[in-house]
1. At pLDDT below 95 and either of a type in the set (D, E, K, R) or buried (at least 23 other Cβ atoms within 10 Å of the Cβ) (or both): which single residue out of B:Glu225, B:Glu240 fits that description?
2. Quick check on my filter: what residues within the range B:56-83 are at pLDDT 95 or above and either near DNA strand D (Cβ under 9 Å from one of its atoms) or touching an Asp or Glu at 6+ places or on another chain (Cβ under 6 Å) (or both)?
3. Quick check on A:Ser186: is it more than 14 Å from chain B (Cβ to nearest Cβ) and at pLDDT 90 or above?
4. Report whether or not A:Val64 is crowded, with 16+ Cβ neighbours inside 10 Å, within 13 Å of DNA strand C (Cβ to nearest atom), touching a residue at least 24 places away in the same chain (Cβ under 8 Å) and on the phi < 0 side of the Ramachandran plot.
5. For the range B:1-25: of the residues being more than 11 Å from DNA strand C (Cβ to nearest atom) and either in a helix (DSSP H, G or I) or not small (Gly, Ala, Ser) (or both), which is surrounded by the fewest Cβ atoms within 10 Å (Cβ to Cβ)?
6. Scan (1) in contact (Cβ under 8 Å) with a residue 60 or more places away in the chain; (2) more than 17 Å from the chain's Cα centre (by Cα) for the single condition B:Gln30 breaks and write down its number.
7. Would you mention how many residues in the range A:259-275 are away from chain B (no Cβ under 14 Å), of a type in the set (Asp, Glu) and without any contact (Cβ under 8 Å) to a residue 40 or more places away in the chain?
8. Restricting attention to the range A:1-25, which residues are near DNA strand D (Cβ under 10 Å from one of its atoms) and touching a residue at least 40 places away in the same chain (Cβ under 8 Å)?
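The values are calculated or read from the model by the stated rules, or taken from the named source; none is laboratory data. Since the model is a prediction, treat every value here as computed from it, not as a measurement. No Cβ is skipped: glycine too gets one built from the backbone with ideal geometry, and neighbour counts run over all protein chains shown.
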Protein chains: 2
Amino acid sequence: MTLEEVARVAGVSRATASRVVNGSPKVNPQARRGVERAIARLGYVPNRAARSLVTRRSDSIGVVIREPTARLFGDPYFPQLLSGISAALSPRGLQLILLMPRSREEDRRLEQYLTAGHIDGVLLASLHGNDPLPGRLDGDGIPVVVGGRPPEGVRVSFVDNDNYGGAVAAVSHLIASGRHTVATISGPLDMEAGVARLRGYREALRSAGRSLDPSLEAEGEFTQESGAQAMRALLQRHPELDAVFVASDLMAAGALQVLNAAERRVPDDVAIVGFDDSPIALMTVPPLSTVRQSIEEMGREMVRLLLESIDERDRAPRQVILVTELILRGSCGGGPMS
Amino acid sequence: MTLEEVARVAGVSRATASRVVNGSPKVNPQARRGVERAIARLGYVPNRAARSLVTRRSDSIGVVIREPTARLFGDPYFPQLLSGISAALSPRGLQLILLMPRSREEDRRLEQYLTAGHIDGVLLASLHGNDPLPGRLDGDGIPVVVGGRPPEGVRVSFVDNDNYGGAVAAVSHLIASGRHTVATISGPLDMEAGVARLRGYREALRSAGRSLDPSLEAEGEFTQESGAQAMRALLQRHPELDAVFVASDLMAAGALQVLNAAERRVPDDVAIVGFDDSPIALMTVPPLSTVRQSIEEMGREMVRLLLESIDERDRAPRQVILVTELILRGSCGGGPMS
DNA sequence: CAAGGCTGTGAGAGCGCTCTCATGAACGCT
DNA sequence: AGCGTTCATGAGAGCGCTCTCACAGCCTTG
């Protein structure tokens with residue numbers, strides 16, 4: 001089934017048929033109808049490869065997920081993100097090419113692949129530390145949007161949640177509800193999300209006139225096990241603590257188990273607030289108070305920015321910060337207990 | 001950067017350069033080296049579209065995920081599956097195109113897309129009921145592999161876990177450890193995985209000489225909330241039950257909450273065994289005994305079968321059944337309690 | 001030494017599409 | 001009536017690649 005045949009059936013030239021397919025306005029309505037009928041009758045679908053070859057666009061965008069497996073599996077973050085991305089891509093007829101490099105070697109091949117022009121743009125999620133990828137892609141003139149924050153000094157578009165604001169809200173709530181010793185389990189400090197939530201924690205304490213105590217801060221890795229470990233450390237250093245702000249629900253689930261094992265009642269003895277509002281938050285006993293962020297929304301927004309920078313090549317990088325919302329449940333007192 | 005330039009730099013014809021790129025054996029070692037050097041120097045990467053146009057292969061395979069969002073997010077099933085698929089695809093240089101249709105309309109477009117030859121093969125995951133898609137794709141001569149089971153009567157390759165065997169093992173264990181009234185929360189009965197696990201439950205009871213009681217069976221939908229609901233129903237119908245086999249960990253988490261709320265101690269009053277060995281199983285208190293299956297392995301195996309049927313067009317459909325393993329933890333007594 | 005067989009190579013066609021450019025028809029204007 | 005202008009259309013080039021085919025050079029064989 002080629003355009004040629006469609007054109008023949010419709011009694012027009014290939015060029016006119018092409019114009020109809022691509023929605024050019026300069027086509028006689030009658031000719032247009034003829035071509036449309038032929039397309040429908042023959043079940044014609046354009047050959048992407050041929051089109052790509054001449055337009056130099058691939059109509060597909062790459063989604064790169066750089067994350068060790070542990071987090072990838074424990075947390076519904078990625079399915080949600082992919083779902084949002086897919087939803088935004090699909091009405092535009094763009095393909096979602098999923099890339100999950102799992103070794104140095106694959107990383108190398110990934111970069112080569114992305115810069116070879118097989119792809120119109122790239123979405124990057126969950127960057128760590130000083131990942132050189134966004135900078136390099138941008139340098140090669142490939143449209144990039146980062147979910148979360150790009151490394152310092154790299155000026156590319158990104159979409160992020162208001163991690164800082166969410167953390168401030170959570171910790172302020174703990175303070176306002178009368179807790180005296182508020183600890184935190186932070187995310188990995190090589191990730192912007194980890195750092196921002198920790199900054200929010202500190203700011204909330206500071207603005208409430210509390211003094212900061214570094215020994216009340218423990219770093220986790222966004223995994224359940226690391227949350228449990230951090231909780232054990234905090235409990236040992238500060239047996240008197242009566243509240244913890246945990247930078248992810250998954251880590252909070254780990255912390256909750258440790259508190260349970262240590263026979264601290266939640267929320268009576270220790271209040272706990274997580275972050276993400278992932279389904280996990282409803283799975284714990286008691287259910288977790290948490291900071292809600294919409295990861296699907298983030299995915300959609302990333303696509304929007306990417307399409308903009310594909311269409312308008314040298315526009316300045318943009319950034320979108322999505323609001324977060326404190327959700328109160330049983331784990332910090334006051335909310336429903338199941 | 002085109003093959004033409006590479007050829008010129010290496011002092012050979014485009015044809016020879018192409019032979020080197022594609023690993024044809026009939027090339028003089030010296031010419032080969034020259035071309036390879038030129039490729040390295042120029043950073044040449046073949047243009048996929050041009051290649052596709054002539055070979056009539058796209059070197060990409062579609063992964064279709066047909067699942068309502070609830071399950072998609074609660075459960076690490078899909079990230080694991082994608083990870084396995086991606087791992088198996090990447091050394092072959094094949095693209096993973098992710099497709100998540102979310103409406104009738106998108107479903108229609110999906111089918112058109114898949115049959116238009118944009119894709120060398122299709123992987124289908126998580127089919128429900130009598131999904132016509134696998135049969136139709138197969139009818140159109142498109143290589144297909146299903147994760148789980150294809151609908152009855154559709155003869156396509158598939159990879160499945162030994163759902164039946166796993167269920168038998170789990171329930172047999174509950175019986176052997178002295179439980180008297182063993183109930184089950186099954187998966188949705190429009191999915192083969194749901195049905196097979198229920199059959200396993202029944203078979204284990206039967207072969208232990210127990211009688212079957214339909215009121216000990218409640219159907220869930222593989223979501224946490226449906227598990228909780230089913231547990232409530234079971235508890236009402238059979239307050240005396242002392243064991244439950246739940247067809248997924250996520251549902252088991254829901255059931256556990258209900259047991260908790262009903263003040264039944266687990267495992268003392270009620271033993272519970274889940275299915276999947278998802279990270280959720282370690283998140284509950286006590287941790288869940290469960291039936292382990294390797295979803296990543298399933299993904300890899302699906303790719304293997306798909307590549308086989310792409311390479312050898314009219315081979316008979318194949319099936320692979322992956323073994324499952326009973327993992328004992330705190331929730332059914334005997335295992336570790338945390 | 002001729003005949004035949006390999007082997008490595010290059011010329012060239014052609015995959016299905018888009019897009020530029022030329023053309024001719026229809027129109028409004030002086 | 002003659003002119004420029006607009007508009008719809010078709011011819012044809014060319015995107016970068018693979019693959020068939022022909023052929024030159026060499027080796028084997030009787």
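1. Details: B:Glu240 fails: at pLDDT below 95.
Of B:Glu225, B:Glu240, the one residue that is at pLDDT below 95 and either of a type in the set (D, E, K, R) or buried (at least 23 other Cβ atoms within 10 Å of the Cβ) (or both) is B:Glu225.
2. B:Ile61
3. Numbers: more than 14 Å from chain B (Cβ to nearest Cβ): yes; at pLDDT 90 or above: yes.
The answer is yes for A:Ser186.
4. Numbers: crowded, with 16+ Cβ neighbours inside 10 Å: yes; within 13 Å of DNA strand C (Cβ to nearest atom): no; touching a residue at least 24 places away in the same chain (Cβ under 8 Å): yes; on the phi < 0 side of the Ramachandran plot: yes.
No; evaluated as a whole, the condition is false for this residue.
5. The selected residue is B:Asn22.
6. B:Gln30 satisfies every listed condition except (1).
7. Start the filter on the range A:259-275 by keeping residues that are away from chain B (no Cβ under 14 Å), which leaves A:267-273, A:275.
From what's left, of a type in the set (Asp, Glu): A:268-269.
Next, from what is left, pick out any that are without any contact (Cβ under 8 Å) to a residue 40 or more places away in the chain: A:269.
Adding up the residues that qualify gives 1.
8. The one that is near DNA strand D (Cβ under 10 Å from one of its atoms) and touching a residue at least 40 places away in the same chain (Cβ under 8 Å): A:Leu3.
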